[in-house]
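Down below is the structure, laid out as structure tokens.
None of the figures in this text is laboratory data; all of them are computed from the coordinates on show. Only a predicted model underlies this, so the values are computations on that prediction, with no experimental measurement involved. Neighbour counts run over all protein chains shown; Cβ positions are idealised from the backbone, glycine included.
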Amino acid sequence: MRMRRVPVFLFAVAALTGGGCAQPAGSVPGEGGATQAPAVSTSSTVGAKPIKPAPPASEPTAPSAEYRVSYGWGVPAMSVTVNHPFTPPIAPAPAPPLPYLVAIYVGDHPEGSPKYGRISFYFRGTFPSYHFQYVRHVLDEGKGAPISLEGNSYLGIEFVEAQAHDPAGKSTIKVSPDPHIGFPNLKSYGFGGDFEGHVTFGLGIQVAPDSDQALAIRAGELKKPDGSGDFYYVVHVDVRNS
């Protein structure tokens with residue numbers, strides 16, 4: 001996985017689950033280290049321009065309008081890339097905004113066959129491109145040092161032509177879980193950076209100690225109604241339980 005050493009934008013608020021999962025919301029530090037409450041879902045207009053509702057504290061349960069598996073169960077020892085080409089218009093036409101991340105949810109699925117833990121990334125606008133693979137360490141893009149992750153196996157995820165900040169540089173992430181996930185094998189996640197169209201995360205995964213075991217991963221995409229006539233564009237990553 002390519003890791004870019006660039007400035008990091010911080011999270012703004014907190015909570016979590018994935019594609020029909022439910023998980024109690026946590027909290028993460030906002031700007032200046034203050035803990036902020038999850039945003040309340042609202043919908044209004046300013047003039048003729050609608051304001052999109054904020055994502056709820058618990059993952060939306062509305063049925064998906066579209067769903068596809070973008071990577072079936074497998075072990076991504078090499079980088080797996082899922083492309084959604086983003087082509088800005090020719091100047092002087094204004095470029096559309098990049099897909100931007102608004103929420104992260106997690107959910108444990110012991111009823112699955114196979115059983116798995118899930119983390120879901122909710123975007124506005126459209127699906128970003130992304131790639132992921134098992135890595136020795138997931139690096140903080142600003143510092144170049146490994147980010148803190150629980151577990152003894154690590155999956156790096158990078159969203160491309162995407163962002164997690166607004167034009168003022170503030171985080172667009174309104175809901176996110178505590179970094180400690182604590183599922184049987186999916187133990188934690190961490191933020192690795194947001195700059196120049198690259199948003200990076202790492203997953204901390206627990207496998208048997210002193211083994212070369214690598215757990216199977218699955219990725220999928222959901223287009224989910226947000227209740228206002230618009231959609232969330234969801235990328236989920238599943239980690240198979242051992």
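Quick notes on this structure:
- Cα-Cα separations in segment 114-242 greater than 17 Å, expressed as whole percent: 59
- Given K52/K115; K170/K223; K52/K143; K52/K223; K52/K170, the pairs whose alpha carbons are separated by over 27 Å: K52/K115; K52/K143
- For a straight C-alpha distance cut-off of 15 angstrom, the aspartates and glutamates reachable from K187 (same-chain residues fewer than eight places away being disregarded) are D108, E150, D178, D238.
- Reducing segment 96-117 and segment 183-199 to their Cα centroids gives an inter-centroid distance of 12 Å.
- Peptides 70-76, 220-226, 181-187 ordered by packing proxy, namely the average of other Cβ atoms within 10 Å per residue, highest first: 181-187, 220-226, 70-76.
- Summed side-chain charge close to Y100 - residues other than Y100 whose Cβ falls under 9 Å, Lys, Arg +1, Asp, Glu -1: 0
- Here is the list for segment 62-170: GluC sites (Glu not before Pro) lying in DSSP coil, each with at most 14 other C-beta atoms within 10 angstrom of its C-beta, are E111.
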